[in-house]
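Q: What follows is a structure written as structure tokens; I'll ask about it next.
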């Protein structure tokens, strides 16, 4: 849970990358990011939902994201977060996790895992609203099942082969997981704002 004395001050928030600047500096997987970005559209209904939340006095006025360009969950999730921020009309500020571990320490999954992406929402006066970590719950369950199946089918598989096979199998789920991400974000924000 975010601390009241967060290291992410309004000034620090302003130091992050917007989405185009983040894309300009990444080292790997640019085509995969672009594929997810170009392939996802926020529906008119979802756009209206996010814009309505933004209009509330305690609504989300900005989004901070932690990520890394080598992470599959970030490659799939960050383009969605960027499109939602754009549709809602709020600024997004992206920080590479590995060079901003002080921020990551505030949003550890289960208090111990440096899972990414992390999306943090703030009010206009920079009050913390809520945060979302890594992937939707359905993706966590399905990915675990995929990983178990790969190990069961290929005892002794090496890490590189395992990663390739996992990527192939999770790619087939990407569209469903993206849709689930949008649903979870909507539910989380609605519940957090009240």
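Only the coordinates and a few stated rules stand behind these numbers; no lab work does. Remember, it's a predicted structure, so these values are computed and weren't measured experimentally. Quick reminder, even Gly has a Cβ in these numbers, built from the backbone with ideal geometry, and neighbours come from all protein chains shown.
Q: Between the alpha-carbon centers of segment 103-134 and segment 14-53, tell me the distance in whole angstrom.
A: Segment 103-134 and segment 14-53 have Cα centres separated by 18 Å.
Q: Follow-up. Suppose we look only past 14 Å in the calculated P(r) of segment 91-176. What percent of the Cα-Cα pairs does that tail hold?
A: Value for segment 91-176 (Cα pairs over 14 Å): 72 percent.
Q: Now for a separate question. Identify which of 70, 177, 132 has the largest mean-square fluctuation in a Gaussian network model of the chain, with springs joining Cα atoms closer than 10 Å.
A: Looking only at 70, 177, 132, the biggest GNM fluctuation is shown by 70.
Q: Something else: For a Förster distance of 22 Å, can you work out the FRET efficiency between the beta-carbons of residue 43 and residue 188, rounded to the nearest 0.05?
A: 0.80
Q: Still on this structure, please answer the following. Classify segment 1-114: rounded, prolate or oblate, from the alpha-carbon gyration tensor (a ≥ b ≥ c, eigenvalue square roots; a/c under 1.5 rounded; otherwise prolate if a/b is larger than b/c)?
A: oblate
Q: Expressed as a rounded percentage, what relative contact order does the chain have, with Cα pairs under 8 Å and six or more residues apart? Working shown, then result.
A: Details: 246 pairs, mean separation 45.6, N = 194.
Rounded, it is 24 percent for the chain.
Q: Moving on to the next point. Can you give the extra length, in nm with one decimal, that the chain gains between residue 112 and residue 157 once fully stretched, where that is 0.36 nm per residue apart less the Cα-Cα distance?
A: 13.4 nm
Q: Using only Cα atoms, what is the ratio of the radius of gyration of the chain to 2.2 N^0.38 Å?
A: This ratio for the chain stands at 1.03.
Q: Right, something else. With a ≥ b ≥ c taken as the square roots of the eigenvalues of the C-alpha gyration tensor of segment 66-134, please select rounded if a/c is under 1.5 and otherwise prolate if a/b is larger than b/c or oblate if it is not?
A: It comes out oblate by the Cα gyration axes.
Q: Compute the FRET efficiency between residue 167 and residue 105 as 1/(1 + (r/R0)^6), taking r as their Cβ-Cβ distance and R0 = 30 Å, and round to the nearest 0.05.
A: 0.55
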